[in-house]
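The values are calculated or read from the model by the stated rules, or taken from the named source; none is laboratory data. Just so you know, these numbers come straight off a predicted model, no measurement behind them. Cβ: placed from backbone, ideal geometry, glycine included. Neighbour counts: every protein chain shown.
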Amino acid sequence: MIKAVFFDLSGVLFEGNTVIPGAVETINRLENDGLVLRFVTNTARKTRKRLLEDLALMGFNILPEQLFTAPVAAKNWCLKHELKPYCLVHPDIKSEFADIHTDSGNAVVLGDAAQGLNYDNLDKAFNILINGGHLIAIGDNRYFDSQGQLHLDAGPFVKALEYAAGVSATVTGKPSSAFFQEVIATTPFQPEEILMVGDDVYGDIQGARHSGMEGWLVKTGKYRSGDELALSFPVHTGNDVRDVIRQRLPML
């Protein structure tokens, strides 16, 4: 029996600044019915605080303790391992790393830095890594959707640095099992009692499966026709988040 539901944000609950029809009502109904909800995102262009503010403006009543972001996970990983990273991240999330020293460059934190992912910055990151630095990837998503247009995400740049420096990145966001297990641990339930809803067949659905959860793919956001055929196991789909819940939890 499903007792908790994890949701990706962008592409699942909203696209840009537009709420996906039925998303607010679906979240409210699940909470009213007593399910435990968590929200997990690799979004690397907004701070956790800004995300919560934007969600509230869109009508979502999401508490801070329900929201888990990959940039915060990256910062916590650096603190735990006493690293002082060069942060190649988007300017809008620099403040997430304000409480760690980033001057010695014994590691690289790489995220969706947009125009910051230029040759000079990537070359600086490469030289830190080739001299023994650790590579921490906020996520390894291949691409993201913005206003109906696909754009390169951080994943391809993570792979480039891994290849050039001969290192393996520690991924602190989705699809990392460690990230999912951290969120699972905030609930009293086993992985098989949790449903993950996302629009990324690799980051959300494959990641959930590897963590023992059940994943459902929405046909909104970055979804492209045929994504559900990309994995080695059957993938359940719904037209949108409301349709997924209607299919999977019809008794609610």
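Scanning the stretch 162-171 for residues that are of a type outside the set (Gly, Ala, Ser) and either out of contact with any helix residue (DSSP H, G or I) (no Cβ under 6 Å at 6 or more places or on another chain) or modelled with pLDDT under 95 (or both) turns up GLU162, TYR163, THR170, VAL171.
With the requirement that a residue be touching a strand residue (DSSP E or B) at 6+ places or on another chain (Cβ under 7 Å), of a type in the set (D, E, K, R) and buried (at least 17 other Cβ atoms within 10 Å of the Cβ), what does the stretch 16-47 give you? Once the filter is applied, which keeps residues that are touching a strand residue (DSSP E or B) at 6+ places or on another chain (Cβ under 7 Å), of a type in the set (D, E, K, R) and buried (at least 17 other Cβ atoms within 10 Å of the Cβ), the stretch 16-47 yields only ARG38.
Quick one: in the stretch 107-138, which of the residues that are β-branched (Val, Ile, Thr) and part of a helix (DSSP H, G or I) is farthest from PRO85 (Cα to Cα)? Taking the candidates together, the pick is ILE130.
The number of residues in the stretch 189-212 being touching a strand residue (DSSP E or B) at 6+ places or on another chain (Cβ under 6 Å) and among the small types (Gly, Ala, Ser) comes to 1. Quickly run through the stretch 124-152 and pick out the residues that are more than 19 Å from the chain's Cα centre (by Cα) and surrounded by 12 or more Cβ atoms within 10 Å (Cβ to Cβ). If the condition is that a residue be more than 19 Å from the chain's Cα centre (by Cα) and surrounded by 12 or more Cβ atoms within 10 Å (Cβ to Cβ), then LYS124, ALA125, PHE126, ASN127, ILE128, LEU129, ILE130, GLY133, HIS134 are the ones that fit. How about the stretch 44-88: which of its residues are in contact (Cβ under 8 Å) with a residue 60 or more places away in the chain and among the hydrophobic types (A, V, I, L, M, F, W, C)? Within the stretch 44-88, ALA44, PHE68, ALA70, ALA73, ALA74, TRP77 qualify. Only one of the listed residues (GLU96, GLU182) is closer than 18 Å to LYS46 by Cβ and charged (D, E, K, R). That residue is GLU96. Does any residue of the stretch 118-133 turn out to be in contact (Cβ under 8 Å) with a residue 60 or more places away in the chain and hydrophobic (A, V, I, L, M, F, W, C)? Within the stretch 118-133 (the criterion being in contact (Cβ under 8 Å) with a residue 60 or more places away in the chain and hydrophobic (A, V, I, L, M, F, W, C)), the answer is no, since none of the residues qualifies.
Residues that are surrounded by 14 or more Cβ atoms within 10 Å (Cβ to Cβ) and free of Cβ contacts under 8 Å to residues at least 60 places away in the same chain within the stretch 157-175 comprise PHE157, VAL158, LYS159, ALA160, LEU161, GLU162, ALA164, ALA165, VAL167, ALA169, VAL171, PRO175, listed in sequence order.
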